[in-house]
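See structure below.
Computed from the coordinates by the stated procedures, all read-outs in this text should not be read as laboratory data. Keep in mind it's a predicted model, so treat the numbers as computed, not measured. Cβ coordinates were reconstructed from backbone atoms using ideal geometry, including for glycine residues, and neighbour counts include every protein chain displayed.
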Amino acid sequence: MSLRDYFVFLTVMAGVTYLLRAVPFILLKGKIKSRFWRSFLAYVPYTVLAAMTVPAIFYSTDSKTSGVCALVTAVVASFCRLGLVGVAVVACCTVLCIDGLLPMLFL
Amino acid sequence: MKFTKGVKDGLPIGLGYFAVSFSFGIAGSKFFSWALVTLISMTNLTSAGQFAGLQIMADAAGTFIEMAIATFFINLRYSLMAISLSQKVAPNFGTFKRLLLATGITDEIYALAVSQASPVTARYFAGLMVLPYIGWSSGTLCGAVCGEILPAVVTNALGVALYGMFVAIVVPQMKASRPTLVAVLIAIACSFAFKFVPALSGVTVGFAIIICALVASLLGAAFFPIKDEPDDNSEQGEAA
């Protein structure tokens with residue numbers, strides 16, 4: 001990617017993000033009335049994150065096995081309420097074990 | 001509501017952000033120099049949005065329009081928080097100060113600010129932003145620099161850190177609310193379809209995420225409308 005393209009992408013991303021925060025912050029005082037759109041907005045963060053995570057996590061590491069296992073251990077860790085950093089550490093350690101340590105044991 | 005109290009309250013958020021943005025820095029260093037990756041974090045201060053943005057930039061077929069639409073939908077929740085926050089701020093938190101500090105409306109900073117008993121002053125909110133902003137920017141910088149130095153085994157493992165955070169945000173909500181569980185499963189099913197159905201394989205990554213989220217959230221809103229009184233703290237526990 002050219003440096004020019006990078007800066008156009010950056011400006012678009014930062015500009016949209018800033019306007020989403022600033023415009024309602026200075027303009028709106030009341031709550032959104034429509035129950036439908038409030039519901040829609042309540043679901044958006046979770047559906048976005050889910051669509052970003054699965055199946056992309058399976059292809060984010062050296063092997064599909066470690067990606068699948070990382071998702072499983074992360075879900076289990078979340079059930080145990082380990083918190084953001086704790087769950088991330090569990091997922092990373094899973095990948096480290098499967099892609100880093102297992103090959104050493106069998107070679 | 002002093003500036004220094006804000007700084008103190010922001011410390012745990014700053015530490016958490018350092019860890020998350022470290023993995024963003026590593027992911028970004030695969031495509032850009034450390035300076036360019038850090039600049040993304042300094043100008044955006046948002047995890048899911050930046051990560052999707054990075055995927056679009058890295059995709060040879062990614063377009064500016066796609067970037068604008070993906071960023072819009074992924075970060076739309078900040079508008080909700082901004083509306084909610086605008087009702088909690090002190091009267092002297094004027095328009096100019098709001099324009100200056102709007103960047104600080106992230107999931108965690110927002111949640112902490114609205115949970116205060118007294119009205120949120122501009123000084124306090126500015127203090128609250130300081131360490132998270134420094135943590136987010138410096139974490140990205142360290143991640144991007146280390147991404148070039150650390151052994152491949154370690155960077156490979158750190159590549160799932162952000163996904164781990166996403167799981168940590170979504171799973172507790174799925175456990176607590178059945179409608180969210182259904183909406184999330186729909187989103188995942190759509191996401192699989194874009195990956196494996198040949199007819200849909202031409203759709204770029206950014207648009208696939210947007211369509212999955214739109215379909216799942218619209219179905220969720222149609223079949224499981226939320227209760228009439230939205231609670232302002234429902235966004236707690238999300239990443240930046």
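Selection among B:LEU181, B:LEU99, A:LEU71 by position relative to the dipole of the protein assembly as shown gives B:LEU99 as farthest towards the positive end (Cβ unit charges, Cα centre).
Placing unit charges on each Cβ (+1 for Lys and Arg, -1 for Asp and Glu) gives chain A a dipole about its Cα centre, and among A:ILE26, A:ALA56, A:PHE106 the Cα reaching farthest toward its positive end belongs to A:ILE26.
Distance between the modelled labels on B:ALA176 and B:PHE224, one decimal in nanometres: 1.3 nm (7 Å Cα→Cβ projection).
Remark: spin-label model distance B:VAL153-A:LEU19 equals 4.8 nm, labels positioned 7 Å along the Cα→Cβ axis. Over 32 Å, how big is the tail of the calculated P(r) for chain B, in percent of all Cα pairs? Everything past 32 Å amounts to 24 percent. Near B:VAL120, the amide H atoms lying under 5 Å from its own belong to B:VAL89, B:ALA90; only residues 5 or more places off or on other chains count, and H is placed 1.01 Å from N. Helix A:35-53 and the longest principal axis of the Cα set of chain A meet at an angle near 30°.
With a simple spin-label model that places each label point 7 Å from the Cα along the Cα-to-Cβ direction, the separation between B:ILE134 and B:LEU15 comes to 1.5 nm.
Structure remark: mean-square fluctuation, Gaussian network model of chain B, C-alpha springs under 10 Å; the largest value among B:LEU112, B:LEU128, B:LEU101 belongs to B:LEU101. Within the range A:5-107, the trypsin sites (Lys or Arg not before Pro) that combine a DSSP coil assignment with at most 11 other C-beta atoms in a 10 angstrom radius are A:LYS29, A:LYS33. Note on A:LYS64: lysines with a C-alpha under 30 Å away, same-chain residues under 8 apart excluded, are B:LYS30, B:LYS175, B:LYS195. Within the listed set B:VAL184, B:VAL114, B:VAL167, the Gaussian network model of chain B (springs between alpha-carbon atoms below 10 Å) gives the highest mean-square fluctuation for B:VAL167.
Just tell me, in residue order, which DSSP H segments of chain B are both 30 angstrom or longer along the helix axis (alpha-carbon based) and at least -1.0 in mean Kyte-Doolittle hydropathy. Span-like helices, by this rule, are B:3-29, B:122-149. Expressed per residue, the C-alpha convex hull volume of chain A stands at 177 Å³. One decimal place: the segment A:TRP37-A:VAL8 gains 7.3 nm when fully extended, by the rule 0.36 nm per residue minus the C-alpha distance. Computed across the protein assembly as shown, the Kirkwood radius stands at 20.3 Å (inverse of mean 1/r, all Cα pairs).
If R0 is 45 Å, the Cβ-Cβ spacing of B:PHE192 and B:LYS5 corresponds to a FRET efficiency of close to 0.45. Here the peptides B:171-183, B:135-147 are ranked by packing, the mean other Cβ count within 10 Å, and the order with the highest first is B:135-147, B:171-183. Charge dipole of the range B:3-164 (Cα centre as origin; +1 on each Lys and Arg Cβ, -1 on each Asp and Glu Cβ, all else neutral): 560 debye, rounded to the nearest 20.
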